[in-house]
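The structure appears below as structure tokens.
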Amino acid sequence: MINGAPTDNNAKLFKQGAMGVLGASDYTVAKQYDTPDWSPDKAQQQMEQAITSLGDDGFVGVYAANDGTAGGAIAAMKTAGIDPASRPTTGQDAELAAIQRILAGEQYMTVYKAIKPEAEQTAELAVALAQGREPRADLVTSQVNNGTKDVPSILLTPVAVTRENIQDTVVKDGFWKAAQICTGQYASACREAGVS
């Protein structure tokens, strides 16, 4: 596990969510690191340490809390002569480099949080609050405890982007254009995956 910055509450929540799933699975977390500043370089160093400690065959995949840390973990695997396609690696944020790594088979998936619904619901909430009104009852869907109190929250459903749904997610939404993704070495992978 290559987690996010220990100073970022989001990283804490991502880690809790991942452990909630991994803890209930048959998998054991062999090594776990918190990555200062979400640094890809530090994530690469952490993954190098994990490979040194566990050996080339001592792990089956990598949970990386975002695409930058995933890129660092993948770089460490490549340096160690490990084919990243043989070790599913996660990410988050649907960064361009991650989408390209997914097409190339180096990264298994990224978590995509569509901007348009986030922006629309945030704007609706902000307008209601600015006008001194309570937001629509169906807008606030949850309460999230921030360590001090329960905060009314709008929780949207994230989407796992894999090679099979790049066209129907990040391209369809206009988050990335096919022309941005399908450059140079990724052009043939785009054709194979139906990204256009």
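The values are calculated or read from the model by the stated rules, or taken from the named source; none is laboratory data. Keep in mind that this is a model prediction, so the values were computed, not measured. Every residue, glycine among them, receives a Cβ derived from its backbone with ideal geometry; neighbour counts consider all protein chains shown.
Would you check which residues across the stretch 148-196 are within 30 Å of Ala137 (Cα to Cα) and in contact with a Ser or Thr (Cβ under 7 Å, 6 or more places away or on another chain) and list them?
Ser153, Ile154, Leu155, Val159
How many residues, within the stretch 158-173, are among the β-branched types (Val, Ile, Thr) and either loosely packed, with under 15 Cβ neighbours inside 10 Å or closer than 16 Å to Glu106 by Cβ (or both)?
Summing the residues that are among the β-branched types (Val, Ile, Thr) and either loosely packed, with under 15 Cβ neighbours inside 10 Å or closer than 16 Å to Glu106 by Cβ (or both) in the stretch 158-173 gives 3.
What tally of residues in the stretch 52-69 results from selecting those that are of a type in the set (A, V, I, L, M, F, W, C), surrounded by 12 or more Cβ atoms within 10 Å (Cβ to Cβ) and closer than 23 Å to Ile99 by Cα?
Of the residues in that region, 3 qualify.
Only one residue in Gln131, Gln44, Gln143, Gln49 is surrounded by 14 or more Cβ atoms within 10 Å (Cβ to Cβ), over 26 Å from Asp173 (Cα atoms) and of a type in the set (S, T, N, Q), so which one is that?
Sole residue among the options that is surrounded by 14 or more Cβ atoms within 10 Å (Cβ to Cβ), over 26 Å from Asp173 (Cα atoms) and of a type in the set (S, T, N, Q): Gln44.
Just checking, which of Gln131, Gln143, Gln100 is among the polar types (S, T, N, Q) and touching a residue at least 12 places away in the same chain (Cβ under 8 Å)?
So the residue among Gln131, Gln143, Gln100 that is among the polar types (S, T, N, Q) and touching a residue at least 12 places away in the same chain (Cβ under 8 Å) is Gln100.
Of Asp34, Asp26, Asp93, which residue is over 30 Å from Ser188 (Cα atoms) and within 18 Å of the chain's Cα centre (by Cα)?
Asp34
Quick test of your reading of the structure: Gln131 fulfils all but one of (1) in contact with a Ser or Thr (Cβ under 7 Å, 6 or more places away or on another chain); (2) farther than 27 Å from Lys15 by Cβ. Name the failing condition by number.
(1)
Please work out if Gln180 is at pLDDT 95 or above, buried (at least 18 other Cβ atoms within 10 Å of the Cβ), among the polar types (S, T, N, Q) and assigned to a helix (DSSP H, G or I).
no
Which members of the stretch 92-127 meet the condition of being modelled with pLDDT of 95 or more, among the small types (Gly, Ala, Ser) and not in a helix (DSSP H, G or I)?
Ala94, Gly105
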